[in-house]
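Colleague: This is the structure, below, for whatever I ask next.
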Amino acid sequence: MTLEELNTHLAALQTLETAREVLASLRAAALSASRLDATPRTPGVGDRTAALAMKISQQKDIVASLERTVDASSVTVKEFIDSVTDNRLNVILYLRFVCGYEWAEVAEIIGGRNTENAVKSLVYRFFRSQAL
């Protein structure tokens with residue numbers, strides 16, 4: 001597996017997270033829009049709750065599709081990471097490409113005076129050595 005393939009998986013993971021956040025926002029908006037009142041509706045005037053319900057349905061489909069994509073690539077990514085014998089590198093790869101943490105967050109979790117650049121360099125060095 002290449003760094004490019006891992007980055008593609010990470011991008012899909014991040015897109016999925018964004019899609020889930022949009023879905024949560026739509027649901028929250030629908031709850032606030034669903035106030036029942038006795039106001040008669042004029043023909044041709046859109047119902048805000050119905051429009052949100054339709055958008056929520058579309059967003060659910062998007063999330064489901066992204067989940068299938070991420071799930072399919074997760075198997076390969078996890079198998080690759082499990083094959084890495086260096087324990088520290090294994091944890092770094094898992095945190096970054098399975099959990100989706102930013103490099104700075106990975107460095108903070110790893111600790112031991114590791115910086116964002118240090119954990120990135122370790123990963124990049126590993127993939128350069130694999131390419132040889």
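Colleague: Carbon and sulfur atoms: what percent of the 1.4 Å accessible area of the chain do they account for?
Modeller: Answer for the chain is 54 percent, counting heavy atoms of protein chains only.
Colleague: How much area per residue is accessible in the chain when the probe is 1.4 Å and only protein heavy atoms are counted (Å²)?
Modeller: 66 Å²
Colleague: Can you return the aspartates and glutamates within cross-link range of K55? Criterion is Cα-Cα under 19 Å, with same-chain partners fewer than 8 residues away left out.
Modeller: E17, E21, D47, E67
Colleague: Taking a 1.4 Å probe, which of R20, R96, R113 shows the most accessible area, and what order do the others take after it?
Modeller: R113, R20, R96
Colleague: Right, next: Using every Cα-Cα pair within the stretch 70-132, state what percent have a distance larger than 18 Å.
Modeller: 34 percent
Colleague: Sticking with this structure for a sec: Which value, in nm² and rounded to one decimal, describes the direction-averaged projected area of the C-alpha convex hull of the stretch 54-99?
Modeller: Result: a mean projected hull area of 3.3 nm².
Colleague: With θ taken as phi - 60° and the coefficients 6.51, -1.76 and 1.60, list the Karplus ³J(HN,Hα) couplings across the stretch 69-76 in order, rounded to whole Hz; mark glycine and proline as x.
Modeller: Karplus values, whole Hz, x for Gly and Pro: 4, 5, 4, 5, 7, 4, 4, 5.
Colleague: Using only protein heavy atoms and a 1.4 Å probe, report how much of D47 is accessible, in Å² to the nearest 10.
Modeller: The accessible area comes out at roughly 70 Å².
Colleague: Taking the Cα-to-Cβ direction at R113 and at V22 and moving 7 Å from each Cα, how far apart do the two end points lie in nm?
Modeller: 4.5 nm
Colleague: Collect residues whose amide H, placed 1.01 Å from N in the peptide plane, falls under 5 Å from the amide H of T115; neighbours closer than 5 in sequence don't count.
Modeller: Close amide H contacts, sequence-distant or interchain: none at all.
Colleague: Another one. In nm, give the distance between the simple-model label positions of N7 and K55, each being 7 Å from the Cα along the Cα-to-Cβ direction.
Modeller: With each label placed 7 Å out from Cα toward Cβ, I get 3.3 nm.
Colleague: Mind listing P(r) for the chain? All alpha-carbon pairs, 10 Å bins, whole percents.
Modeller: Taking all Cα pairs of the chain, the binned fractions are 11, 31, 23, 15, 11, 6, 3, 0 percent.
Colleague: Residue by residue through the stretch 47-58, what is 3J(HN,Hα) from phi via Karplus (6.51 cos²θ - 1.76 cosθ + 1.60, θ = phi - 60°)? Round to whole Hz and write x for glycine and proline.
Modeller: For the stretch 47-58, the Karplus-derived couplings read 8, 4, 5, 5, 4, 5, 4, 5, 5, 4, 4, 5 Hz, x marking Gly and Pro.
The values are calculated or read from the model by the stated rules, or taken from the named source; none is laboratory data. Owing to the predicted nature of the structure, the values given are computational and were not obtained by experimental measurement. Neighbour counts are summed over all protein chains in view; Cβ atoms, including those assigned to glycine, are modelled from backbone coordinates with ideal geometry. Surface accessibility is based on the protein's heavy atoms, side chains included, excluding ligands, DNA and RNA. Shrake-Rupley method; radii C 1.70, N 1.55, O 1.52, S 1.80 Å.
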